[in-house]
Amino acid sequence: MGATHETFSGKVLFLDRDDINTDEIIPAKYLTEITKTALKPYLLEDLKLEGFDPARDISDTQVIVTRSNFGCGSSREHAPWALEVNGINLVIAQDFSRIFRQNMYNCGMMAVELSAEQIEQLFSRFSQGPCTLRTDLAAMTFTFSSTGRESLTLPFSISGFDRTLVEAGGWVEFADSSY
Amino acid sequence: MGKTSAQKIFAAHLIDTQGEDISILSLDRVFCHEITTPIAINDLIERGKDRVFDADKIKAVIDHVTPAKDSKTAEQGKIMRDWARRQGIRDFFDIGENGVCHALFPEKGFVRPGFTVIMGDSHTCTHGAFCAFAAGVGTTDLEVGILKGVCSFKTPETLKITVSGTLRKGVYAKDVILAIIARLGVNGATNRVIEFTGEVIDSFSMEERMTLCNMAIEAGGTSGICYPDMTTVDYLWEFIKDDYTDKEAALADYIRWKADDDAQYADTVTIDVSDLVPVSTFGYKPDQVRPIDEFDSTPVDQVYIGSCTNGRIEDLRAAAAVLKGGKIADGVRGVLSPATPDVYRQAMKEGLIEIFMDAGFCITNPTCGACLGMSNGVLASGEVCASTTNRNFNGRMGKGGMVHLMSPASAAATALTGVLTSAPQDKGE
């Protein structure tokens, strides 16, 4: 798909919970679908989070900011796909489950870790109002902004291999040409 | 410096590195099922790469929804069938021969000590019971595994868990792993391999070791691993007897995958299980665990016995021993899904199926089914299930349902009373 700044920028959805699992991101009953687009209406349908309404809160979102161990549980790549077909290509969290994190980069999407303090800072400053994120892939920075709030720029890092996958648009082509 | 089991397996399979900490490994086994594989197959076709790296190293099964329940699952099965035939995959298990992958593939002798195994299924860690490095992956990793026989892994750290003491009657491998997950937390082993060792593990059968390793992922672990010993050799003997002069020779070969005494661990934990009692999960995370006797009277609507965690013959024996001569409580539905055809057949021979049926259980064919809310026992909103499966996530067995994870013996005891009930124990010790 080829990564651009736009791919990883946009309106931010804050999910204030640890351990959001892939059954919550996309329930197993939808795993009988054999196209990614069919998953679109069901993203986060079973999320256990007070005040969260998927129909209201997901539309027009491009980025998720959440807490710890996002994507734990089932290995289903349907979780990143359900995000992708909803236009969400970037999840920022304190940390991720191994398989979910790998699936994101394998699809050319990004799962980026920030420190617990930085995540807390984002929640306290930006989670109450509409917040947008501008990602600069060259400078490796996130800039968060919200009306009436001072914007915040944070540096981030991903490994060279993760970057290779994002730039290649995923693991299949890279692996087939390399091994 | 000595090596852990995972480090030895990585070193023996390393074909490339990427940056400081990414290892590209060659794969001995790529396992496939019909939920995560069809999209990989279709993507390979779209890319003009409809081929496999080695048809003999790929093993495939239709297990999650079988027989098909609707047109969509029928289509998933068809894609698998057509692909297996087209690619010459001989070990493909369909209706009549199929069972839950992590119970079926070990039964067929497909996993050996020192192997690398991937599957598009998070409970692939089960196969670490054979001292293999076995990890769940997503569909893209699976696709590359099918195509090239390689997979990338962040070089994992190893967490060594020593399980000591003696288990009390009524306490099983399931209670042990739930207690371990409660101790570690659902994130406690992320990016780590868990080596399970100690006198309790040494005394465990292969089935008990599989129950243990199966749930390593519920603490975030990449793979669970048990060291190879004579129990491993005995289990595998019918498949390997032509390769070795005797069992001692097989063990001498396999023991090289055991961690060295001076191996370096990221962390070590010792758990004494002598005082452990039957436990169950509460809430929606598998690290929320407490003794069943400490629950207030908690009525259940359904009891489910089966799955890749606890659907093997020893599990059915343990549950049947509790059920024998009894009846399920009024208003409770009992569902038994033997994990494989061989388990089903053996349970019939031993009279276990009759015990379950006399108690009022419905017996389903081997399938993952209700464990993930797909079929054969999905919960209605507000319903409660005592289950021998591995996940109590919100909505896991059906939207709005509550799942309590426990051992087969405790699930059977719960079926008889209709409220969460411990497996029969020795009292007053």
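The values are calculated or read from the model by the stated rules, or taken from the named source; none is laboratory data. Since the model is a prediction, treat every value here as computed from it, not as a measurement. Neighbour counts run over all protein chains shown; Cβ positions are idealised from the backbone, glycine included. Accessible surface is based on the protein model in full, side chains and every heavy atom, while ligands, DNA and RNA are left aside. Shrake-Rupley method; radii C 1.70, N 1.55, O 1.52, S 1.80 Å.
Quick check on chain B: take the gyration tensor over C-alpha atoms, sort the square-rooted eigenvalues as a ≥ b ≥ c, and tell me if it's rounded (a/c under 1.5), prolate or oblate. In terms of gyration-tensor shape, oblate. Hey, how many Å between the Cα centroid of the stretch B:245-280 and the Cα centroid of the stretch A:123-179? Each part's Cα centre sits 41 Å from the other's.
Packing, as the average of other Cβ atoms within 10 Å across residues, places the peptides B:147-157, A:162-172 in the order B:147-157, A:162-172, highest first. Highest mobility in the GNM of chain B, judged by mean-square fluctuation with C-alpha springs under 10 Å and restricted to B:351, B:114, B:311, is found for B:351.
Shielding by partners for peptide B:143-155, expressed as the average number of C-beta atoms from other protein chains within 10 Å of each residue's C-beta, is 4.
How shielded is A:17-23 by partner chains, expressed as the average number of their Cβ atoms within 10 Å of its Cβ atoms? Provide the component values of the computation, followed by the final result.
Values: counts 0, 4, 9, 1, 9, 3, 9.
Mean partner-chain Cβ count within 10 Å for A:17-23: 5.
Each Lys or Arg adds one and each Asp or Glu takes one away; over the other residues whose Cβ falls under 13 Å from the Cβ of residue B:19, this sums to -2. Measure up B:148/B:247; B:57/B:258; B:160/B:349; A:40/B:78; A:29/B:349; A:36/B:59 against 31 Å on the Cα-Cα distance and list the ones that go over. Over 31 Å apart, Cα to Cα: B:148/B:247; B:160/B:349; A:29/B:349. Note on chain B: with a GNM built from Cα contacts shorter than 10 Å, the maximum mean-square fluctuation among B:348, B:406, B:397 falls on B:348. Out of the trypsin sites (Lys or Arg not before Pro) in the stretch B:73-114, which ones are loop residues according to DSSP with at most 16 other C-beta atoms within 10 Å? In loop regions of the stretch B:73-114 (DSSP not H, G, I, E or B), the sparsely surrounded trypsin sites (Lys or Arg not before Pro) are B:90, B:108. Counting heavy atoms of the protein chains alone, residue B:362 has an accessible area of about 70 Å² for a 1.4 Å probe. Ligands, DNA and RNA are left out, and with a 1.4 angstrom probe the accessible area of the stretch A:6-178 is 36 Å² per residue.
In this simple spin-label approximation, residue A:36 and residue A:115 carry label points 7 Å from Cα along the Cα→Cβ vector, and these lie 3.5 nm apart.
Consider a paramagnetic label point 7 Å from the Cα of residue B:54 along Cα→Cβ; state which residues of the stretch B:95-114 have an amide N under 16 Å from it. Under 16 Å, as judged by backbone N against the label point of residue B:54, lie B:110-114 of the stretch B:95-114. Computed from backbone phi with θ = phi - 60° and the Karplus coefficients 6.51, -1.76 and 1.60, the 3J(HN,Hα) list for the stretch B:189-198 is 10, 4, 6, 10, 8, 9, 9, 9, 9, x Hz; x is used for glycine and proline. Atom-type composition of the exposed protein surface of the protein assembly as shown places 47 percent of the accessible area on carbon and sulfur (1.4 angstrom probe).
Label-to-label distance, residue B:245 versus residue A:53, with points set 7 angstrom from Cα along the beta-carbon direction: 7.6 nm.
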